[in-house]
Amino acid sequence: MELNHILLFTAIATSALVVLQAFQPQSPGARARAAVVLIGSVLAWLLARPIAGWLSAIVWCALLVVPAFLRNRAWAARSCYRPSGSDRPSGSDRQSGSDRGSAVSVSPVVLALIIVNVAVFILELLAGGSTNPMTLHRLGELDTHFVIFRHQYWRLLAALFLHYGPIHIFFNLFALLLLGPALERQIGGFLFAVCYLVSGIGSSIAVVLLTKLRLLEPVQLVGASGCIMGVVGTWTGFLLRHRHAPLARQRLRNIFVIVLLQLAFDLVTPRVSMSAHLGGLFTGFLLGLLVPAKSVPARLSISQIGGSAAPRAIGED
């Protein structure tokens with residue numbers, strides 16, 4: 001997959017989510033900057049298609065990413081120097097608190113999964129290269145022919161930890177880092193790991209079944225994106241169960257936008273398996289309807305759901 005294509009989609013998807021208030025809350029200035037990014041991305045696509053993604057990424061970073069980073073740094077600085085006795089935040093701190101909710105944090109199971117994926121990627125490099133078809137096949141890519149006719153079912157799991165090139169693994173792990181920790185805190189580390197792995201296996205099984213039914217051509221797939229779409233699905237099922245909690249309905253609308261953007265990306269991007277994504281999403285949704293929360297707080301801490309999944313540009317599966 002071309003990095004230019006991924007960058008263009010990332011700029012458009014995240015900016016659209018800002019305009020739609022998926023990142024909550026948004027000031028008029030942030031929405032105006034996101035609209036500028038959208039317009040600039042469209043113009044870049046029309047006038048300079050070979051470098052449209054790079055141009056869009058520059059505008060995106062300048063108008064959205066850097067300002068958000070500076071706001072988080074400013075909030076952290078105010079937190080460090082706030083007197084210990086002042087428990088009630090000021091008005092500006094309350095606004096910054098929403099920015100803090102959008103900050104990236106790492107939870108134990110998410111961190112462990114990132115480490116495992118990176119370790120396997122290093123193994124790919126040592127074994128012959130992460131884009132070498134023979135290496136990927138030997139290490140366990142999801143080759144539907146070998147699963148169906150040679151019963152190599154271990155590939156259903158092994159393929160979830162393999163990635164095709166550094167761009168592929170970067171965007172998958174970036175999405176996991178954005179979407180995973182908040183869900184892990186809601187349902188606990190063990191159940192999060194179960195949902196992640198079972199959703200991934202569900203995505204693999206969906207591809208194999210569709211191939212066996214001759215609705216898909218035989219394919220070879222790698223990547224954790226089925227697992228990550230499973231995280232999105234788990235969030236959906238979980239929020240439906242707790243839809244009366246504050247912000248739950250809004251988060252469900254945000255997830256709906258994420259899924260639409262992901263499907264749009266799948267449709268316009270070659271070498272991406274929509275079947276794997278939908279299989280992981282559906283499996284995760286069923287799990288989300290079943291898993292209990294560690295404790296149902298008064299306010300669901302899911303502020304990271306908003307532009308997290310769509311821009312991940314999942315690569316080969």
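The values are calculated or read from the model by the stated rules, or taken from the named source; none is laboratory data. Computed from a prediction, not measured in an experiment: that's the story for all the values here. Please note: Cβ atoms are built from the backbone with ideal geometry, for glycine as well, and neighbour counts cover all protein chains shown. Heavy atoms of the whole protein, side chains included, go into the accessibility calculation; ligands, DNA and RNA do not. Shrake-Rupley method; radii C 1.70, N 1.55, O 1.52, S 1.80 Å.
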Open item on the list: Of the residues Pro246, Pro218, only one is in contact with a Lys or Arg (Cβ under 6 Å, 6 or more places away or on another chain) and either among the small types (Gly, Ala, Ser) or more than 17 Å from Gly280 (Cβ to Cβ) (or both); which?
Closed with: Pro246
TODO: Could you name every one of the helices (runs of 4 or more DSSP H) located completely within segment 179-283 that has at least 2 residues being crowded, with 24+ Cβ neighbours inside 10 Å, among the polar types (S, T, N, Q) and in contact (Cβ under 8 Å) with a residue 60 or more places away in the chain?
DONE: 189-212
TODO: Go through segment 199-220 and give me each residue that's under 19 Å from Phe161 (Cβ atoms) and touching a helix residue (DSSP H, G or I) at 6+ places or on another chain (Cβ under 6 Å).
DONE: Ser199, Gly200, Ile201, Gly202, Ser203, Ser204, Ala206, Val207, Val208, Val219
Task: Filtered residues of segment 160-178 (kept if open to solvent by 10 Å² or more (accessible area, probe 1.4 Å) and either in a helix (DSSP H, G or I) or of a type in the set (A, V, I, L, M, F, W, C) (or both)) - done: Phe161, Pro166, Ile167, Ile169, Phe170, Phe171, Leu173, Phe174, Leu177, Leu178
Task: Selection status of Leu70, modelled with pLDDT of 90 or more and more than 15 Å from Phe9 (Cβ to Cβ) - done: no
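Yes/no per residue for (1) closer than 23 Å to Glu184 by Cβ; (2) modelled with pLDDT under 80; (3) β-branched (Val, Ile, Thr):
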| position | (1), (2), (3) |
| --- | --- |
| Gly233 | yes, no, no |
| Gly237 | yes, no, no |
| Ala245 | yes, yes, no |
| Arg249 | yes, yes, no |
| Arg253 | yes, yes, no |
| Leu260 | no, yes, no |
| Ala264 | no, yes, no |
| His277 | yes, no, no |
Task: Given (1) modelled with pLDDT of 90 or more; (2) over 29 Å from Val291 (Cβ atoms), index of the condition Ile167 fails - done: (1)
TODO: Could you grab me the full set of residues in segment 142-159 that are more than 17 Å from Val116 (Cβ to Cβ) and open to solvent by 20 Å² or more (accessible area, probe 1.4 Å)?
DONE: His145, Phe146, Ile148, Phe149, Arg150, His151, Gln152, Tyr153
TODO: Considering each residue of segment 118-141, count those that are open to solvent by 50 Å² or more (accessible area, probe 1.4 Å), in contact (Cβ under 8 Å) with a residue 24 or more places away in the chain and not in a helix (DSSP H, G or I), and give that number.
DONE: 1
